[in-house]
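Before I ask anything, here is the structure I am working with.
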Amino acid sequence: MTTNDILIKNAHVIDPAREINSQQSIRIIDDVIAASDLPISEHTEIIDARGSYAFPGLIDYHAHVFYGGSHSSVPPDLACLPFGVTTVVDAGSAGSANVESFLRDQIPRSLVRIKCFVTACPGGQLWQKEDYDPDYFDLPRLRQLFLRYPDTLLGLKLKEERAVVDMLGARPLLKAIEMAETLNCRVAVHMTDPVLPTEQLLEAFRDGDVFAHCYHGKGDTLLDSRGKVKAAAHAARKRGVIFDCAHGRNNFSQRVAQQAIEDDFLPDIISSDLSLLTLNRAPVFGLPWVMSKFLAMGMALDRVVACCTQRPAQLLGMSDHIGSLAPGHCADVALFKLEQRSVTFTDVHQHAFTGKQLLVPQLTFKSGVPLWRSLAV
């Protein structure tokens, strides 16, 4: 017996995975997307989304949602569903010593879909003193965890930030990559103010590894002395390295991002790096605000949406289930208004510029259930 039958009509659908950018209807039967031309019945709930955009449920590939286990993490459902986000990746809030609490307790109880990286140092990201001495990395424990939770654990996370790794140099990165080879996973690297030149560190990145905070503005950045993207970054992208904006409070420079985009070096992933420092606070607020910032920097809307749906779904190995509104996919749908208004975007460096459009969330479906709705809808 069908328990859920919804027709969303008159929405402007943007589904980059299918190269769709036009007005279409979306049909939800139970918890999956169905063919839009199925006959309706007296039990069909009809939502007129005229004037709104419909995207696949957004995927925030870099956030911190180990709420209660990490003092800067946010409640996942509260921090995601009101922003159209139906899948979130925790960016290493926990390490091998405490991630199982996250995996057993919070993730199964959350409505939003959660995957996660594990920080290479056992204690996780404490936002205080983090010890990235590779002598203390616990490969046997990590091997146990990756065997036990293969559907949730994505890879290892670490920092190559000068203030964190100091005299350790590239040793944490090289050890993490060595462990990742054993675990058959990717590595995501926080690269703000890198302890060594960006070019030197990028030499170690493999196909599928993630350069997080790729538009940071501290220390050595993606840009050379001429303001152009370094040849090493272009070469890394060609061999499959993933560049994630991972905005955050301290890890994003609008100047670097604008110059990189002008040099046609667009992000592979647009993510928020949400934490208690940024949720509903400048300069991030939530993922739609970050998406709107990239619109203001000249990216096309369908490309921005792809960076929050199609591409992260591919990295998660879930393109057959999420990241698209194709029939048979999970019925994760996000409705937005694209309001035409003046918006001032800022960053930690006190750079500001004005945009003319803002993506405003209207309605979020997760597995066919409307879990958040603006009163204006």
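Quick one: compute the contact order of the chain, relative version, from alpha carbon pairs under 8 angstrom and 6+ residues apart, as a percent.
On the way: 912 pairs, mean separation 72.3, N = 377.
Averaging sequence separation for qualifying contacts and normalising by length gives 19 percent for the chain.
So, one more: Report the net charge of residues surrounding Leu38, where surrounding means a beta-carbon distance below 12 angstrom and charges are Lys +1, Arg +1, Asp -1, Glu -1. Display every interim value, and only then the final one.
Working: positive: Arg27; negative: Asp5, Asp37.
Computed value for this residue: -1.
Grab the other residues whose beta carbon is less than 11 angstrom from that of Ser271, score K and R as +1, D and E as -1, and report the net.
Result for the local shell: -3.
Here is a follow-up. How far is it, in nm, from the label point at Arg206 to the one at Gln357 when both lie 7 Å from their Cα along the line to the Cβ?
In this crude spin-label approximation the distance works out to 3.9 nm.
Something else now. Just how large is the dipole of the chain about the Cα centre, in debye to the nearest 20, putting +1 at every Lys and Arg Cβ and -1 at every Asp and Glu Cβ?
520
While we're here: Share of antiparallel DSSP beta bridges in the chain, in percent to the nearest 5?
Antiparallel: roughly 50 percent of the beta bridges in the chain.
Before rounding to the nearest 500, sum -39500 (n - 2.57) across all DSSP H runs of length at least 4 in the chain and divide by the residue total; then give [θ] at 222 nm in deg cm²/dmol.
On the way: 10 runs with 76 residues, N = 377.
That calculation yields -5500 deg cm²/dmol at 222 nm.
Here is a follow-up. List every residue whose amide H lies under 5 Å from the amide H of His329, counting only residues 5 or more places away in sequence or on a different chain, with H placed 1.01 Å from N in the peptide plane.
Under 5 Å from the amide H of His329: Ile33.
If you stretched the chain out fully between Met167 and Thr182, how much longer would it get, using 0.36 nm times the residue separation minus the C-alpha to C-alpha distance?
Values: separation 15, 0.36 × 15 = 5.40 nm, distance 2.58 nm.
Extra length from Met167 to Thr182 when fully extended: 2.8 nm.
How about Lys175: which aspartates and glutamates have a C-alpha closer than 15 Å to its C-alpha, ignoring those fewer than 8 places off in the same chain?
Filter leaves Asp131, Asp133, Asp135, Asp138, Glu160, Glu203, Asp209.
For the charge dipole of the stretch 57-315, defined by +1 on Lys and Arg C-beta atoms and -1 on Asp and Glu C-beta atoms about the Cα centroid, which residue among His216, Thr119, Gln259 has the Cα displaced farthest towards the positive pole?
Farthest along the dipole direction, towards plus: Gln259.
Figure the gain on full extension for Tyr136 and His43 (residue separation times 0.36 nm, minus the Cα-Cα span) and round it to one decimal in nm.
Numbers: separation 93, 0.36 × 93 = 33.48 nm, distance 5.90 nm.
Going from the current span to full extension adds 27.6 nm.
Let me ask something else about it. Run the numbers for Ser101 and Thr346: contour at 0.36 nm per residue of separation, minus the present Cα-Cα distance, in nm. It would help to have the intermediate numbers written out before the result.
Numbers: separation 245, 0.36 × 245 = 88.20 nm, distance 3.61 nm.
Taking Ser101 through Thr346 to full extension adds about 84.6 nm, to one decimal.
Next question. Using the Cα centre of the chain as origin and beta-carbon charges of +1 (Lys, Arg) and -1 (Asp, Glu), tell me which of Trp289, Pro370, Gly355 is placed farthest towards the positive end of the dipole.
Result: Gly355.
Also, I was wondering about something else. Please list, or write none, the aspartates and glutamates whose alpha carbon is within less than 18 Å of the alpha carbon of Lys366, excluding same-chain residues fewer than 8 places away.
Asp5, Asp15, Asp30, Asp31, Glu45, Asp60, Asp77, Asp320, Asp332
Give a residue-ordered list of calculated ³J(HN,Hα) values for the stretch 255-270 (Karplus: 6.51 cos²θ - 1.76 cosθ + 1.60, θ = phi - 60°; whole Hz; x for Gly, Pro).
5, 5, 4, 4, 5, 5, 5, 4, 8, 6, 10, 7, x, 6, 10, 10
What shape does the stretch 287-370 have by the C-alpha gyration tensor, where a ≥ b ≥ c are the square roots of the eigenvalues, rounded means a/c under 1.5, and otherwise prolate means a/b greater than b/c and oblate the rest?
Because a/c hits 1.5 or more and a/b exceeds b/c, the stretch 287-370 counts as prolate.
Under a straight-distance cross-link criterion of Cα-Cα below 18 Å, which lysines are reachable from Lys293, leaving out those fewer than 8 residues away in the same chain?
Cross-link targets: Lys337, Lys356.
Every read-out reported here was derived from the displayed coordinates using simple, explicitly stated rules and does not represent laboratory data. From a predicted model like this one, the values you see are computed outputs, not experimental measurements. Glycine also receives a Cβ, built like all others from the backbone with ideal geometry; neighbour counts cover every protein chain displayed.
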